[in-house]
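Every read-out reported here was derived from the displayed coordinates using simple, explicitly stated rules and does not represent laboratory data. Please read these numbers as outputs of a predicted model, since none were measured by experiment. Positions of Cβ are backbone-derived with ideal geometry, glycine not excepted, and every protein chain shown enters the neighbour counts.
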Amino acid sequence: MIQIKYFLFVLISLVLFSSCETTIKYDLPQEPNKITIDSKLVEGDTPVVHVFTSTYTLSRDNPGEPKNAEVSLIENGIEVSRLSVQSNLYGQTFYSSNYTILPNELYRVQVSLPEYETAFGEGLTKEAVPVSSTIFDTSSNNLEFTFQDPPTAGDYYLITVKSLTDSYPISYSTHDVVINFFDEYTFDDPFSSGGEKIGQNGYMTDELFNGKTKTVRMTVRDIDIPHNQTPRLIELWHISEDLYNHERTKAVAWQSENPFSEPAQIYSNITNGYGIVGTAAVDRKQFFP
């Protein structure tokens, strides 16, 4: 008798719980495929533009890398160059021309593709901020350099270290509170004191030193220095706010590990598309191991 009562209780419970189930149907908004532009216009260099096509979130198709795009470089409202498709040693497609990017000019990168809405992004090019002095201690690999921030507020910077003979970035560490590493190689050293940060691409704004002389101190993490006397380069990139915001939000999106968190919105300045047209100017100084 007890077993029959238990069976009836379980049966009634299942019926009650099943009646509480609600099926919710939700149609995800389907964004049309758009052009994606990725370009950093560097003062004194020629333009390089990477062009892709986006796909719907739930689509099985891969993003495209078209070779038939019409890519134009427009300077202060006038088309100054039509970029041609090229490939690097790894087979990656990009668009470029031999036109030289000038400082303090407004550039627009415009991309057209059949069956896509024409996309474009623009930015004002920068002037390089000179590195005025460098001091390198070979016994500790500590590097110190100084520069004068312009009087205008809202300047953004990227600091990189490279070898003179190749373009591979070299990691470095710093205690400087204004420097933030956005790349995936960043980590905090648990064996150091004072919150030492390590990375390859250090970004900063002039919020705390606007119009002043700024001294940056770092330790170059290059294990080849004792064996390789090739000069290294400290690079101070003066970058646009758009490029800074794009790299910052892109890092947040890539490094998010919580599947239940809100998706991060990557900053874009592209009209009718996605991506970034950033601008930059760089000053380089050698230092010797």
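Summary of computed values
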| item | result |
| --- | --- |
| Exposure proxy ranking, count of Cβ atoms within 10 Å, fewest first, for Y267, Y172 | Y267, Y172 |
| For the range 154-162, 3J(HN,Hα) per residue [Karplus equation, 6.51 cos²θ - 1.76 cosθ + 1.60, θ = phi - 60°, Hz, x = Gly/Pro] | x, 9, 10, 9, 10, 10, 10, 10, 9 |
| Percent of C-alpha pairs per 10 Å bin, the range 35-124, short to long | 16, 49, 27, 7, 0 |
| Gain on full stretching of the segment that runs from N228 to T249 - 0.36 nm per residue minus C-alpha separation | 3.9 nm |
| Cβ-based exposure ranking for S240, S167, in which fewest neighbours within 10 Å come first | S167, S240 |
| Estimated D of the range 66-168 in µm² per second, where Rh is the Kirkwood radius over Cα pairs and Stokes-Einstein applies at 25 °C, 0.890 mPa s | 140 µm²/s |
| Backbone HN-Hα couplings from phi across the range 239-248 [Karplus 6.51/-1.76/1.60, Hz, Gly and Pro as x] | 10, 6, 4, 4, 5, 4, 5, 5, 5, 5 |
| Pair V85, T100: separation of 7 Å Cα→Cβ label points (nm) | 3.0 nm |
| For peptides 112-122, 273-283, sequence by mean Cβ density within 10 Å, most packed first | 273-283, 112-122 |
| Which of R217, R232 has the fewest Cβ neighbours within 10 Å, and the rest in rising order | R217, R232 |
| Estimated vicinal HN-Hα couplings, Hz - the range 97-111 in sequence order (Karplus 6.51, -1.76, 1.60; Gly, Pro = x) | 8, 9, 6, 9, 6, 9, x, 6, 10, 8, 10, 10, 9, 10, 10 |
| Unsatisfied cross-links (Cα-Cα over 20 Å) in the set K214/K285; K214/K250; K40/K250; K34/K250; K126/K197; K126/K212 | K214/K250; K126/K197 |
